[in-house]
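The values are calculated or read from the model by the stated rules, or taken from the named source; none is laboratory data. Source: prediction; values computed, not measured. Note that we place each Cβ from the backbone using ideal geometry, even for glycine, and neighbour counts take in every protein chain shown. These area figures cover heavy atoms from the full protein model, side chains too; ligands, DNA and RNA do not enter into them. Shrake-Rupley method; radii C 1.70, N 1.55, O 1.52, S 1.80 Å.
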2 protein chains.
Amino acid sequence: VIVVLSGGVGAARFLSGLVQVVDPAEITAVVNTGDDTVLHGLHISPDIDTVTYTLAGAVNPVTGWGLTGETWAAMSALERLGGASWFRLGDGDLGTHLYRTGRLAEGATLSEVTAEVARAWNLSLRIVPVTNDRLRTRLRLVDGEEVEFQDYFVRLRHSVPVSAVRFDGAAQARPAPGVLEALGEADLVVVAPSNPVVSIAPIVAVPGVREVLESRRESVVAISPIIAGAALKGPADRLLTELTGASSVTSVARLISPWAATLVIDVVDKDLVGEVEAEGVHAVVAPTVMHDRDASAELARAVLAVHRR
Amino acid sequence: VIVVLSGGVGAARFLSGLVQVVDPAEITAVVNTGDDTVLHGLHISPDIDTVTYTLAGAVNPVTGWGLTGETWAAMSALERLGGASWFRLGDGDLGTHLYRTGRLAEGATLSEVTAEVARAWNLSLRIVPVTNDRLRTRLRLVDGEEVEFQDYFVRLRHSVPVSAVRFDGAAQARPAPGVLEALGEADLVVVAPSNPVVSIAPIVAVPGVREVLESRRESVVAISPIIAGAALKGPADRLLTELTGASSVTSVARLISPWAATLVIDVVDKDLVGEVEAEGVHAVVAPTVMHDRDASAELARAVLAVHRR
């Protein structure tokens, strides 16, 4: 069994490679819910949906999130009324949010709803939210204001400097059923190339997760989302610079070092192997840019090879 | 100023005639909210939306509710997930519910949201919910089960016998700002040809409304939704039979008699003038079937003529 700690787009692309080289029934994605939000009354779980839609082959290939062939009638109507439309909700995507919100109101857990949606898409990998309890990534901006993750990420287009990140609710959150067991029993735990500060860190902040990772550090392999100092997507590079002083595979290595023994870095960063290993993390060099499904499968094979070695 | 006590489709059609013969700025529709419900987390106000969409010229002319040219991508997605889809929410219509739910969550009142939506549709008549507080029509079925209005009306297709109706929350509900003032100052109060048991009764059940109507009984003119014993749309005839023993203009007259001096009945019921007047209600005979906008305007003129007489 392989467990993948997952954020959104980067994790979804890695998983779409992994399912080509491993029986999907042997894969559990433990997904960040710190990005979750309630908008217009609807419970939205962006990372879970991105993973689900991508594995279902239904994701919009241009954006990497949302559904392909989406229509926008609800958003147009909302905009005409003057409603907040900065968070784009396509019509088909709204069906997912209506379903989730309705089921949660009936008393179902987010785990249950997530499994139901995955089943409806005929997925056989397990997709599990890290917690069914409230977990909210909040960012303090340099002007002192604290905002919700989606406010920062979408509304402010992650273009404002951040001075601190915290995970509201994390201390009280319980891991979702099966999360600690899966992490404890997995042959391999992969940390997907997701934002270490706002996608992976909230997963590790849920009580018990960090402890089980630390106890199995040799089985934990991370993939750097930073390539030549930059993130392919999103604000990982900016956030690393703002919060740790530098954006490099070395700063990623420093963050994960307490609970991950290995970091896969891109071939363009091969000269930094020594720096990474000075952080106490074994460095493995491989092509990590997932241009397409073949590249994703190749990266998955490289990660499995680390593990088998 | 003319105030119209309004349910859904019948009221909307009457109002679409009235705006042709009276300056819309002189019209206030006080709309039933006993049909309101929360579905999938969204606050839905079916009667308010039917009135708004109809007056905006945007209503689906076939159903009498929902938007014309509507698409159904969200419902299709919800259905595929196995979600409850008996209450049909079109994609454009969802924009309204997203807007309303978001604004209510921000602390706006239903009155404010309703006015904002009407303004966005460039309507100059006032559309006011009877109350901003919770009001829920509940029906007891003959098997003893009590259901919400939309469960009865949509899910059960109003085809099950009912033994009682109550308006949950009515005793605690306060009339929305301006409702009692408008009723007290209006030159004419029209009771639209809406279901007297489940559309008009919840309006009258809000504390203060009945009292002001009683005090101005001579200025209150109702239009019978029952024609030759039957309702043109919906379960008014069944409910009248089940709850009052008969469905006729006479049973309508009996219900409204305490607070309305006049009932407009259709020409096909002209032989029942005596029966109606025996209930203490002045009967006026006019064509009441609103086939089209011209017929609606004609009915509006007939109602105004009653008043001017």
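What to note about this one:
- Estimated 222 nm signal from helices in chain A, with DSSP H stretches of n ≥ 4 weighted -39500 (n - 2.57), rounded to 500: -11000 deg cm²/dmol
- Among residues other than B:ALA186 with Cβ under 11 Å from its Cβ, the summed charge is -3 (Lys and Arg +1, Asp and Glu -1).
- Fraction of beta bridges assigned by DSSP in chain B that are antiparallel (%, nearest 5): 40 percent
- Sorted on the mean count of surrounding Cβ atoms within 10 Å across their residues, most packed first, peptides A:268-274, A:250-256 read A:250-256, A:268-274.
- Distance between segment B:270-290 and segment A:184-210 - C-alpha centres, whole angstrom: 75 Å
- With a Förster radius of 45 Å applied to the C-beta separation of A:ARG140 and A:ALA305, the computed FRET efficiency comes to 0.65.
- Taking a sphere under 14 Å around the Cβ of B:THR101 and counting the other residues whose Cβ falls inside, with K and R at +1 and D and E at -1, yields a net charge of -4.
- Legend: calculated FRET efficiency, B:SER124 to B:ALA58, from the Cβ-Cβ distance at R0 = 22 Å, rounded to 0.05, equals 0.90.
- Carbon + sulfur, % of accessible area of segment B:168-249 - ligands and nucleic acids excluded, 1.4 Å: 51 percent
- With every protein chain in place and a 1.4 angstrom probe, the accessible-area ranking of A:TRP86, A:TRP259, B:TRP65, largest first, reads B:TRP65, A:TRP86, A:TRP259.
- For segment A:112-168, the normalised intensity computed at q = 0.30 Å⁻¹ comes to -1.11 (log10 of I(q)/I(0), Debye sum over alpha carbons, equal scatterers, no solvent).
- Normalising by residue count, segment B:106-263 has a Cα convex hull of 134 Å³ per residue.
- Annotation: the antiparallel percentage among DSSP beta bridges lying fully within segment A:154-309 is about 15.
- Each residue of segment A:176-181 was assigned a 3J(HN,Hα) from its phi angle through the Karplus expression (A = 6.51, B = -1.76, C = 1.60, θ = phi - 60°), giving 5, x, x, 5, 5, 4 Hz with x at Gly and Pro.
- For the pair B:SER257 and B:ARG174 in one chain, pulling the backbone fully straight at 0.36 nm per residue adds 27.5 nm over the alpha carbon distance.
- Segment A:187-309: C-alpha gyration tensor shape, a/c 1.5 cut-off, then a/b vs b/c: rounded
- DSSP finds beta bridges in segment B:1-78, and of those with both partners inside it, around 45 percent are antiparallel.
- Of the residues B:PRO235, B:VAL59, B:ALA77, the one whose Cα sits farthest toward the positive end of the charge dipole of chain B, with +1 on the Cβ of Lys and Arg and -1 on the Cβ of Asp and Glu, is B:ALA77.
- Taking 20 Å as the cut-off, the amide N atoms of segment A:272-297 that come nearer than this to a point 7 Å along the Cα-to-beta-carbon line of A:VAL21 belong to A:282-297.
- Sites A:GLU185 and B:SER159 - FRET efficiency at Förster radius 60 Å, r taken between beta-carbons, to 0.05: 0.65
- Neighbours of A:VAL1, meaning other residues whose beta-carbon lies under 14 angstrom from its beta-carbon, give a summed charge of -3 when Lys and Arg score +1 and Asp and Glu score -1.
- Relative contact order, percent, segment B:152-219 [alpha-carbon distance under 8 Å, six or more residues apart]: 40 percent
- Scoring A:195-202, B:221-228, A:102-109 by mean Cβ neighbours within 10 Å over their residues and listing the highest first yields A:195-202, B:221-228, A:102-109.
- Average beta-carbon neighbours from other chains, 10 Å sphere, peptide B:65-75: 4
- Over the protein assembly as shown, the fraction of Cα-Cα pairs per 20 Å bin, rounded to whole percents and listed from the shortest bin up, is 19, 41, 24, 14, 2, 0.
- For the Cα trace of chain A, dividing Rg by the Kirkwood Rh returns an Rg/Rh value of 0.95.
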